[in-house]
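Just so you know, all these numbers are worked out from the coordinates, no wet-lab data involved. All values reported here derive from a predicted model rather than from experimental measurement. Neighbour counts are summed over all protein chains in view; Cβ atoms, including those assigned to glycine, are modelled from backbone coordinates with ideal geometry.
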Amino acid sequence: MKGQALTITELNNTLKKEAQIETITFEEFKRLHKSQGSKLDRMVASIKSVEPMEDGYELHIDNFNDGEKVIKVRHNGKVSINGSSYRELVDNKSMHLRINHNNNSIVVEKLIMICKCIVDNELPIRFKGLCVNVMDGSGNIMTANELGIKPDYNIENLEWTLSYRNLIHGKKIYGLFKTTGHAYRYSANDELLNQIYVTRDEEQIKEYMNNNYVTVD
């Protein structure tokens, strides 16, 4: 299977030099965005610590006047907040799982990958333009149901990508499923696939997918 961008450095390997993203440590990120930057940047800067769990991450985040908030997020997308029972927080408009913190909404897959960045101590200098792609398309609950697969937020099914690549990936999901008869875990950062998809016939598309990616059904 073609490697996905689990880190910002690996995403940079798919970008032209001029478009590559500067990376900094977690402490540098906190100093830079403690009181400035986007709402997401400021929220990430307010995270006090992240600890890996067997099936996800536990993060402690500054809740300002209310002290500290403890969020546990699992790879099945379920979340516990301050010791509550685990549950799916479905945004009925987008049909993605989302967590809200101090008027900031973040999809589960992005929170998981931000936790990974913090544990790895490698963050982008800012999160503008960056998305986390759920490679098999199961980040959308309705899409997962239509493909006959379960939502999967395990690290190997997630990758950092750019906003426009994420949109292109989403537009190919049903077309590839119709062409191949399978749901695949494939990368939004695969520019060759984007070209093959629009310039080649169905047999060549099937061959490329079979040679480079694994099915999830």
Cβ pairs under 8 Å, 6+ apart, first in the range 188-213 and in contact (Cβ under 8 Å) with a residue 60 or more places away in the chain and crowded, with 19+ Cβ neighbours inside 10 Å, second in a helix (DSSP H, G or I) and not aliphatic (A, V, I, L, M): Asn189/Arg165; Asp190/Asn212
Residue check, Glu156 of a type in the set (Asp, Glu), assigned to a helix (DSSP H, G or I) and surrounded by 15 or more Cβ atoms within 10 Å (Cβ to Cβ): no
Members of the range 89-129 that are outside any loop (DSSP other than H, G, I, E, B) and polar (S, T, N, Q): Asn100, Asn104, Ser105
Scan of the range 4-24 for residues that are touching a strand residue (DSSP E or B) at 6+ places or on another chain (Cβ under 9 Å) and surrounded by fewer than 13 Cβ atoms within 10 Å (Cβ to Cβ), ordered by number: Ala19, Glu22
Which listed residue is assigned to a loop (DSSP other than H, G, I, E, B), over 19 Å from the mean Cα position of the chain (by Cα), surrounded by fewer than 17 Cβ atoms within 10 Å (Cβ to Cβ) and on the phi > 0 side of the Ramachandran plot, from Gly37, Gly83: Gly83
Residue that is farthest from Cys115 (Cα to Cα), among those in the range 159-179 that are surrounded by 16 or more Cβ atoms within 10 Å (Cβ to Cβ) and not hydrophobic (A, V, I, L, M, F, W, C): Thr179
